[in-house]
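A.B. asks: Got a structure for you, written out below as structure tokens; questions coming shortly.
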Amino acid sequence: MIVLYCLLTVIAAIGVLMLGASAARLRRRRRFAAARAGTGGGLCLALALLAGAILLNLHTYQRLSYEQPVAGLRFVAVGDQHFQAALTTPDARLRLADMRGDEWQLDARVLKWQPLANLLGFDALFRLERLSGRYRDIEAENHRPRSAIALGGEEPGLNAFALARRMPRWAGLVDAEYGSATYLPMADGAAYDITLTQSGLVARPANEAARAAMRRW
């Protein structure tokens, strides 16, 4: 993509130089040579603008559909509605959790940027906050044992979420700060991949056990 943009810049520069040459020849009353150079320069600029618009559209789609990995989850059944969960994050950190219920839920705090900021290379920021179990049946949810573990902690360096609150909307680049959650069924041997899009968390089955659990869900 960068190479293509550089090529378009060169084509546009050639077009500008040809237009400059056309103006110089016109001042010397070389009308035919001026028209030829002007036509060539105009075509170069038109080609660069058209190709640039197409590439920008493709870049826009790629940026706004970009997904970054958040976590992987794997479950082992140890009893009825009782699972051992292993959560791994892209930094290779592993957390184990004792989970109760039929489904798992992962919560995160998300800082979402305006589309213009996405195009400039800013991706949605996230901070995992909790992993919890939930029951499909509401009565069980109200009376059966609950399980949840905290995933957040002290953040080193600059806290982007606190900065977003202190500097309102970051000169218009910040769109929203909000909580995002995703949940899917727990099953013995099931594995899931969780990613963050520019608008929130997305979970997908990563093996056949998880896909089978979703078909029964």
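A.B. asks: Tally Lys/Arg at +1 and Asp/Glu at -1 over every other residue whose Cβ is under 12 Å from the Cβ of Leu73; what's the total?
C.D. replies: For residues surrounding Leu73, the net value is +1.
A.B. asks: Enter the accessible area of Glu208 (Å², nearest 10), with the probe set to 1.4 Å and all protein chains included.
C.D. replies: About 100 Å², rounded to the nearest 10.
A.B. asks: Considering only the other residues whose Cβ falls under 9 Å of the Cβ of Arg136, what net charge follows from Lys and Arg at +1 and Asp and Glu at -1?
C.D. replies: -3
The values are calculated or read from the model by the stated rules, or taken from the named source; none is laboratory data. In this text the structure is predicted, and so the values were computed from the model without any measurement. Note that we place each Cβ from the backbone using ideal geometry, even for glycine, and neighbour counts take in every protein chain shown. When the accessible area is computed, the model is the full protein with side chains, heavy atoms only, and any ligands, DNA or RNA have been set aside. Shrake-Rupley method; radii C 1.70, N 1.55, O 1.52, S 1.80 Å.
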